[in-house]
1. Looking only at strands (runs of 3 or more DSSP E) that lie completely in the stretch 423-531, which have at least 2 residues being surrounded by fewer than 22 Cβ atoms within 10 Å (Cβ to Cβ) and out of contact with any Pro (no Cβ under 8 Å at 6 or more places or on another chain)?
2. What is the one condition in (1) within 27 Å of residue 132 (Cβ to Cβ); (2) open to solvent by 10 Å² or more (accessible area, probe 1.4 Å); (3) not aliphatic (A, V, I, L, M) that residue 79 does not satisfy?
3. Looking at 390, 423, 404, which one is in contact with a strand residue (DSSP E or B) (Cβ under 9 Å, 6 or more places away or on another chain), at positive phi and not acidic (Asp, Glu)?
4. For the stretch 26-42, enumerate the residues that are among the small types (Gly, Ala, Ser), open to solvent by 40 Å² or more (accessible area, probe 1.4 Å) and in contact (Cβ under 8 Å) with a residue 12 or more places away in the chain.
5. Go through the stretch 223-236 residue by residue and tally those that are closer than 17 Å to residue 310 by Cβ, in contact with a helix residue (DSSP H, G or I) (Cβ under 7 Å, 6 or more places away or on another chain) and surrounded by fewer than 21 Cβ atoms within 10 Å (Cβ to Cβ).
6. I'd like to verify a number: residues in the stretch 159-208 that are in a helix (DSSP H, G or I) and open to solvent by 20 Å² or more (accessible area, probe 1.4 Å), how many?
7. Considering only residues that are touching a residue at least 60 places away in the same chain (Cβ under 8 Å), more than 23 Å from residue 518 (Cβ to Cβ) and among the polar types (S, T, N, Q), which ones fall in the stretch 66-97?
8. Inspect all residues belonging to the stretch 377-400 and state whether any of them is part of a helix (DSSP H, G or I), crowded, with 23+ Cβ neighbours inside 10 Å and of a type in the set (Lys, Arg).
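The values are calculated or read from the model by the stated rules, or taken from the named source; none is laboratory data. Keep in mind that this is a model prediction, so the values were computed, not measured. Cβ sites come from the backbone with ideal geometry, for glycine too, and all protein chains shown count toward neighbours. What goes into the accessible areas is simple: the full protein's heavy atoms, side chains included, and nothing from ligands, DNA or RNA. Shrake-Rupley method; radii C 1.70, N 1.55, O 1.52, S 1.80 Å.
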Amino acid sequence: MKAQEDARPESYLRTVRQFADHVLRHGRDTYGEASTPLFVDGFHADTHEPVSWHSGGERWILSNQANQQNLFRTLTGLSVLTGEPRYKEVAAEAVRYGLNHLRYGKLIYWGGHLAFDLLAKRPVYASDKGPQHELKCHYPFYELMFELDREETARYIEGLWDSHVRDWSNLEFSRHGKPREHGGKEPVWERPYAGGEVFFTGEGLTFINAGDDLYYAATHDYRSTGNEAALEWAKRLARRYADTRHPGTGMGGYQFNISVLPGVRGDRAIDQFAERLKGRRVMEATLSVARQIHTITAEAALCRFALADALGPKGAEFGRLAVEDLLAYGEHAYEAETASFHPVLTDGTRLTGLVMEKSGYYGRQGDTLKATKADLLQLWSYLKGFRLTGDGRLWEWARSMAAGTGLGEIGESPGAEPALHPGESSEPSAVFALLELYGAAGHPAYLEAACAVGDNIVARRFHKSVFLAEPNRTYAKLDAVEPLALLHLAGELTGRRKEVPVYCGSKAFFGAAYDGHGHMIDNSFIYSRRL
């Protein structure tokens with residue numbers, strides 16, 4: 001067993017090194033009239049032809065650095081654990097090029113609807129959205145960006161807030177933004193804030209999956225520059241979601257305003273459900289369906305936990321807010337017997353089985369609202385909450401989720417003998433969840449199970465020197481999480497995990513109109529294709 005343990009870290013590093021060498025060989029920019037240090041977003045697993053997008057009769061070879069942040073984390077972590085600087089160096093070249101040459105005002109051409117075309121060497125954007133900057137659970141690798149260019153990274157983060165925040169007095173913002181110049185007006189972080197009541201009417205869509213990228217960015221500004229004002233704005237925005245919590249249940253909403261776009265539409269929950277749910281306070285800010293509950297209890301919570309870990313006492317509020325969300329949704333939306341979350345109003349009314357009498361944002365006429373099984377990312381989040389607080393309720397819900405996801409019994413109590421059977425699991429989120437268990441409770445079975453999943457990742461997802469969810473997938477996305485999970489395993493086994501760049505559940509994507517298909521998302525439209 002000892003020999004096997006000693007061999008595993010090197011085995012994981014060997015796999016990640018093979019992937020990285022393959023990416024450096026086939027994934028860099030060799031297109032158009034001149035090459036750059038940039039990477040393609042993905043390529044064909046067999047031919048290495050780059051992923052392209054067709055829009056308005058044009059073909060774009062996509063390079064979207066917001067969708068390459070985990071690749072940069074992987075390359076950096078590989079250099080850290082192997083002592084080979086070349087991997088981090090090529091990541092740094094690409095990031096530095098982005099900071100210097102891919103600017104959109106103070107912003108960057110990246111994210112949900114912006115990219116860079118390597119063929120024509122020009123910025124491109126979704127024709128059906130316009131040149132809108134958008135980050136939603138992207139969580140860029142700000143540590144590397146600040147290391148390379150502190151001034152330009154801080155300038156980007158100021159531009160991010162400046163372009164998205166519509167009203168600084170109450171922090172109404174939009175997920176979409178364009179560069180704005182204010183001439184002689186007060187600096188970004190010195191603007192007045194009043195706070196006040198939530199559920200105000202505005203044109204912005206204050207979705208938490210965009211809000212968490214804003215406070216993630218501002219907090220990293222503080223980490224690198226010591227700017228206390230940026231940290232205070234980050235905390236103000238995080239508190240806005242807490243302000244939506246129902247006084248009886250503690251459940252908060254996915255947004256904190258009522259969105260009304262003049263001449264377009266009103267609040268989508270009111271439009272679709274107000275008549276059906278008379279007597280209840282129904283609006284987008286009080287109605288949580290499966291995908292929204294997932295963001296609140298998984299990605300947004302993991303983001304806040306990462307900030308709490310990074311800042312220590314200065315970040316304790318982020319961790320507390322995340323735990324409070326987990327507890328409230330655990331108490332009122334989670335069903336342990338089925339390991340499922342139910343759609344709810346934040347007053348605690350469960351909406352499972354509700355038939356939609358009209359079509360709208362939440363589904364088509366005749367569809368029903370359904371409960372959804374908790375997944376491994378939510379398991380990881382609840383385990384992080386337990387590690388932070390030791391709250392037994394979080395442990396019990398995590399037990400249920402682990403069983404529901406097929407990982408088995410984590411133990412009646414922390415440190416008790418588990419009965420784990422990771423079996424066929426090759427999900428990188430399982431690695432992070434099991435490593436969290438190991439950190440929280442210390443039983444060696446948790447680490448062994450994490451390694452079993454790591455072995456499965458190598459055996460079942462590593463094909464043709466790239467990571468594919470299935471061996472017959474056509475395209476490889478270079479921003480794969482699997483190699484980063486393997487680096488965290490190698491780091492844990494060698495006592496160096498804290499040196500590996502942090503992953504906190506980011507879900508990068510590009511969404512735009514594609515000729516002949518309408519609006520498509522690259523993850524489902526391209527990376528799910530099969531040979």
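1. Details: elements: 475-477, 511-514, 518-521.
The strands (runs of 3 or more DSSP E) meeting that bar are 511-514, 518-521.
2. Result: residue 79 passes all but (1).
3. 423
4. The answer is 32, 34.
5. Matching residues across the stretch 223-236 total 6.
6. 2
7. 68, 69, 70, 74, 76, 82
8. Yes.
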